[in-house]
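The values are calculated or read from the model by the stated rules, or taken from the named source; none is laboratory data. No experiment lies behind these values; they were computed from the predicted model shown. Neighbour counts are summed over all protein chains in view; Cβ atoms, including those assigned to glycine, are modelled from backbone coordinates with ideal geometry. Each accessible area value is taken on the protein alone, full model and side chains, heavy atoms only, with ligands, DNA and RNA left out. Shrake-Rupley method; radii C 1.70, N 1.55, O 1.52, S 1.80 Å.
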Amino acid sequence: MNLGVNIDHIATLRNARGGFEPDIVEAAKIILKEDVFALTMHLREDRRHIKDEDLYNIKKLGAKINLEMAATKEILNIALDVEPYSVCIVPERRQEITTEGGLDAYSQKEYLKEFIKPLKDKGIIVSFFTDAQNKALEASKYAGADYVELHTGCFSNAFLKNDYQNELEQLKKASLYAQDIGLKVNAGHGLTYDNVYLMKEVANLSELNIGHSIISKAVFIGLDNAVKEMLKLIK
Ligand code: PXP
C-alpha cells in the first residue's frame, strides 16, 4: 500500500495567523524525503486551507499531487492548469469541518462523466471519493473514474467505539466489488496510527490518504518521524 500525505492541515495552521508559518513548501520537502507516493491537497471553494499558490509551489517541487476537488468549473480550470498527477472528486459543503461523506456519484453520473473528460484528456488520473456502496461504485465506473477512494470516516468513528466490524466488512466487500467492475481502489479519511493496520484486510488497496493523524503526531515527534512511523505501519 502506498501513502499519500494530506497536507491541508499544515495550511490550516499557517492560515490561523495569516502569515507564512509553518511553510507548506518546507513541510512538503520533508515529507518527500520519505517513501511517500503523493501529496494530497484539497483546494476548497472557500480556500480555508490550501490556496491556489500552494498548489503551484508544490508542483514546482516535482511532487506528485493528488488534488481533492469539488466538481465545479472554477476548480476544474485550476486543475487543468496545474495538471496534478491525480484528482479525487469530493463532495463539498461550506459549513462542514471536513469532508463528511462520499460523493453522490449515482445521481450526478451524467454530469460527472462530462466533467472529468477534460481531466482524462490531459492524462490526469481520476478518482471519486465514495461510500462503500455498490450503487456509488457502479456510477463511478459508468462516469469513467479510474479509481474510487473508499470513505473510511464511518469505519474510523466506529473504531473509536470499538464496534467497527460491520464498517470494516463493508469496506472489504466494496473493495472487492469495485475491483470486479474494473476500478482501482484507494481509501482515506479519519485513518490513524491505531486503526490503519486494519486496512490490510481490505483487498488490494493501492493508496491510503492520511492527513490529520500524521500532522497531529508531527507536533510531538516531528514531521519526518511521523511520516516514517505511518509508513512502517502500512508498508
Ligand atoms: N481523503 C479525502 C477524500 C479527504 O477529504 C480527506 C480529508 O481532507 C482525507 C482523505 C484525509 O483525511 P484525514 O485528514 O482525516 O486523514
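When the solvent-accessible area of region 19-150 is split by element, carbon and sulfur atoms take up 50 percent of it, the probe being 1.4 Å.
The P(r) of region 92-139 has a tail past 14 Å containing 58 percent of all C-alpha pairs. Using the 1.4 Å probe convention, the accessible area of the chain works out to 47 Å² per residue with neighbouring protein chains retained. Restricting region 96-155 to trypsin sites (Lys or Arg not before Pro) that sit in a DSSP loop and have at most 12 other Cβ atoms within 10 Å of their own Cβ leaves Lys122. In the P(r) worked out for region 22-104, what percent of Cα pairs fall beyond 14 Å? Pairs farther apart than 14 Å: 62 percent. Placing a pseudo-label 7 Å from each Cα along the Cα-to-Cβ vector at Glu53 and Lys29 gives an inter-label distance of 1.7 nm.
Multiplying each eigenvalue of the alpha-carbon gyration tensor of region 77-178 by 5 and taking the square root yields semi-axes of 26, 16, 12 Å, largest first, rounded to whole angstroms.
In this structure, the pairs whose alpha-carbon distance is over 31 Å, taken from Lys184/Lys217; Lys33/Lys173; Lys59/Lys173; Lys29/Lys113; Lys73/Lys161, are Lys33/Lys173; Lys59/Lys173; Lys29/Lys113; Lys73/Lys161.
For region 9-72 versus region 116-179, the inter-centroid distance based on Cα atoms is 23 Å.
The peptide list 54-62, 222-230, 162-170, put in order of mean Cβ contacts within 10 Å with the highest first, becomes 222-230, 54-62, 162-170.
Give a quick list of trypsin sites (Lys or Arg not before Pro) in region 142-178 that DSSP marks as loop, anything other than H, G, I, E or B, with at most 14 other Cβ atoms within 10 Å. Hits after loop and neighbour filter: Lys161.
Which residue fluctuates most in the GNM of the chain (Cα springs below 10 Å): Ser206, Ser140, Ser156? Ranking Ser206, Ser140, Ser156 by mean-square fluctuation puts Ser206 first. Across q = 0.10, 0.12, 0.14 Å⁻¹, region 115-235 modelled as identical point scatterers on its alpha-carbon atoms has Debye log10 I(q)/I(0) values of -0.33, -0.47, -0.62, in the order of the q list. Sorted from greatest to least, the principal axis extents spanned by the alpha carbons of the chain come out as 43, 41, 32 Å.
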